[in-house]
Structure formats: C-alpha cells, structure tokens
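Asker: To start, I am sharing the structure in question, which I have written as structure tokens.
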Amino acid sequence: MNNEIPVYVFFGFMDSGKTSLIHETLFENQFASEMSNILIIACEDGDVEYDEAELASIGAKLVMIEEEEDFTGAKLKELDAVYHPEAVFIEYNGTWEVAPLYEADGPEDWTIVQALCTVDGTTFEMYMLNMRTMMAEQMHRADVVIINRCTDDTPKAKFRANVKSINRPAQIVYERTDGTIDDREEELPFDINADEIEIADADYALWFMDCMDHPKKYDGKTVSFLGLVYNPTDGTGRMKPGTFVPGRFAMTCCVEDIQFLGMKCKYKDSANMRHKSWIHLKARVKNEFAKEYRGKGPVLYPVSVEQADKPEDELVYFS
C-alpha cells in the first residue's frame with residue numbers, strides 16, 4: 001500500500017509572494033529537514049525566481065507547467081513516476097481556473113493537505129473592485145489567506161470582511177513588509193464601546209462578519225441597524241415561535257453571489273413580524289448556544305423594533 005503524499009497548494013496572483021512563501025517554508029521553517037525528496041510544480045514565472053542549485057541542496061526539484069492545458073491528471077502521474085516525491089508544492093497560476101486542480105485525475109496517493117493564498121495588501125482593494133470574481137476563486141479554497149506587505153494604514157477589518165464573505169473558515173494572517181506578523185487589533189468603522197453601537201448600511205457586512213467571528217466581543221452590547229425581516233409563514237423555512245431573523249442581503253462579487261446575512265433574534269412578538277418587511281432594530285447581543293450556529297454565536301434580544309421604509313439600495317457590500 002502506497003504512503004500518502006502530502007500536496008501543498010499556493011494560490012495568488014503573480015508577484016503576490018507565492019514563491020517567497022514557498023522558499024520561506026522550505027528554508028526558514030525547516031520543512032525540508034523532514035523530507036528528502038520534494039517536488040515543486042511552478043505554473044508561472046514571477047519576479048522572484050527559484051535557485052535550482054539551492055533547491056538541490058535540500059533534495060527539492062523544480063518542474064514548470066506554463067500552459068493551463070498541460071496541467072492534467074496525466075501530467076501529474078507522469079511527474080510522480082519520474083520523481084517519486086515525498087511531498088509536492090504546487091505554485092498555481094493566478095489566472096487559471098481553480099476547479100481543474102481539484103478535479104484532475106492525478107496520482108491516487110497525492111492528497112491536498114493545505115491550500116494557502118497570498119494577497120498583496122497594497123493592491124487588494126483595487127483587485128477586489130475590478131477583479132473580484134478572480135480574487136474570490138483564488139481565496140475560496142484556501143485554508144490560510146496571507147495578506148502581505150501590510151502597513152499601519154492597512155484596513156485589516158475591511159480586508160477580513162472581504163475574505164470571510166468568500167471563505168468563512170479561512171485563517172487570515174497579516175504580514176508586514178519586513179516579514180513580521182502584524183497582530184494589532186483591527187480597527188472598525190464604528191465605536192464598539194459606545195452605549196449603543198449604531199451600524200450604518202455601509203458597515204453592516206463588516207459588522208456582521210466581525211460579530212459572527214468574535215461573538216464574545218459583542219456579548220452584552222447594544223446594537224442598532226436597519227434590517228430586513230426573514231420570517232416566512234408558508235411552511236418553507238418557517239421559524240420557531242418567538243424567533244425571526246433580521247439581516248441584509250449582501251453582494252460578494254456579483255449578482256449570482258448575493259447572500260443573506262442575518263442573525264437569530266428571540267422576540268416574543270415575532271408572529272407579528274411581517275416577512276420581508278423593513279425595521280429599525282435596537283437589540284442586545286448575547287453570545288449563547290443556538291442550534292442554527294451549531295454552537296455558540298450572537299443572538300439578538302430586541303430593545304425596540306420600529307417599522308422602516310425600504311432603503312434606496314437594498315444591498316450592502318464588502319467594501
């Protein structure tokens with residue numbers, strides 16, 4: 001029986017730092033000390049190039065696959081037969097579709113154990129504005145998203161909301177230009193210490209992601225926002241008595257990716273909450289168990305509920 005061969009995939013656009021990350025993993029994190037035969041499959045040439053003599057010193061070999069149509073299961077099987085690797089690093093081309101990588105009928109014992117995506121913090125906002133679909137595809141499969149070249153002015157909270165809207169479970173790492181990890185607390189566009197945290201439409205998506213990721217931070221706090229009521233009575237998706245879900249529809253990258261961002265709300269008069277009506281909700285947040293969250297999460301307890309007019313733009317955005 002063959003041993004499982006771990007495969008590590010590195011996503012990201014050209015010059016986002018993929019090659020540097022692989023080099024750091026092999027030489028600075030001592031990964032190569034545990035392996036004697038590592039295969040690196042590089043699918044594009046960036047500004048940083050591999051030193052094949054240096055790679056040879058740790059038993060690593062480099063193979064280029066520069067055309068998307070050449071990245072096939074048959075090609076991977078061929079490389080496996082030639083090199084017999086103990087581990088495989090794939091530096092994937094940032095302009096290629098991601099699905100074929102996971103669908104390729106490659107060697108049976110090759111198993112993707114981790115996917116990382118590097119993002120240049122200096123161009124993140126521009127790319128998300130102009131190439132959001134491509135960015136989303138890069139980050140969607142990643143276990144870890146590394147946002148590098150960060151500065152003191154990097155809007156970390158906004159970046160995290162964008163990443164989490166695409167890939168909720170992803171771990172996010174912020175790396176400074178000198179290679180150190182930026183672990184400063186993320187700045188938010190609202191005052192979390194206010195007696196009442198007023199969430200503007202422009203900040204709703206960011207607040208929702210932050211609250212879902214860090215419910216303890218909001219435990220016991222009072223928030224207010226304009227929300228759309230989810231409370232169907234037709235039997236499909238019907239809520240339990242005493243509960244409804246206020247929220248907003250958010251656009252991630254295109255119309256096809258619009259999603260409803262709502263939180264469980266416990267309210268004794270929920271039966272009178274008209275489905276798809278608009279309300280101004282002021283509520284206290286409690287971090288408690290809810291089966292909808294499969295664990296603890298933010299549950300809203302209304303302080304006041306007022307009917308509201310539909311806003312000019314019903315959507316909120318991760319920007």
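Asker: Taking LYS75 as the residue in question, decide whether it is farther than 30 Å from THR151 by Cβ and in contact with a helix residue (DSSP H, G or I) (Cβ under 7 Å, 6 or more places away or on another chain).
Answerer: No: the conditions fail for LYS75.
Asker: So which residues in the range 191-216 are exposed (fewer than 15 other Cβ atoms within 10 Å of the Cβ), without any contact (Cβ under 8 Å) to a residue 40 or more places away in the chain and closer than 30 Å to THR151 by Cβ?
Answerer: ASP191, ILE192, ASN193, ALA194, GLU198, ALA200, HIS214, listed by residue number.
Asker: A further question on this structure: If we only count helices (runs of 4 or more DSSP H) wholly inside the range 81-182, which ones have 3 or more residues that are touching a residue at least 60 places away in the same chain (Cβ under 8 Å)?
Answerer: Counting at least 3 such residues, we get 124-130, 132-140, 156-166.
Asker: For LYS217, only one of the following conditions fails: (1) over 26 Å from SER277 (Cα atoms); (2) assigned by TED's automatic domain parsing to the domain that holds THR123; (3) in contact with a helix residue (DSSP H, G or I) (Cβ under 9 Å, 6 or more places away or on another chain). What is its number?
Answerer: (2)
Asker: For the range 260-319, how many residues are of a type in the set (Gly, Ala, Ser) and without any contact (Cβ under 8 Å) to a residue 60 or more places away in the chain?
Answerer: 7
Asker: I've got another one for you. Say we look at the range 183-230 and pick out the residues that are in a strand (DSSP E or B) and of a type in the set (S, T, N, Q); which of these is farthest from PRO246 (Cα to Cα)?
Answerer: In this case the residue turns out to be THR222.
Asker: Only one of these conditions is not met by THR233: (1) assigned to a strand (DSSP E or B); (2) of a type in the set (Ser, Thr, Tyr); (3) surrounded by fewer than 20 Cβ atoms within 10 Å (Cβ to Cβ). Which number is it?
Answerer: (1)
Asker: Mind checking which residues of the range 9-31 are among the hydroxyl-bearing types (Ser, Thr, Tyr), out of contact with any Gly (no Cβ under 6 Å at 6 or more places or on another chain) and either part of a helix (DSSP H, G or I) or not assigned by TED's automatic domain parsing to the domain that holds ALA42 (or both)?
Answerer: SER20, THR25
Asker: In the range 39-60, what residues are outside any loop (DSSP other than H, G, I, E, B), at pLDDT below 95 and surrounded by 13 or more Cβ atoms within 10 Å (Cβ to Cβ)?
Answerer: Passing the criteria: LEU55, ALA60.
The values are calculated or read from the model by the stated rules, or taken from the named source; none is laboratory data. Computed from a predicted model, the values in this text were never measured in an experiment. As a convention, Cβ positions derive from the backbone with ideal geometry for all residues, glycine included, and neighbour counts pool all protein chains shown.
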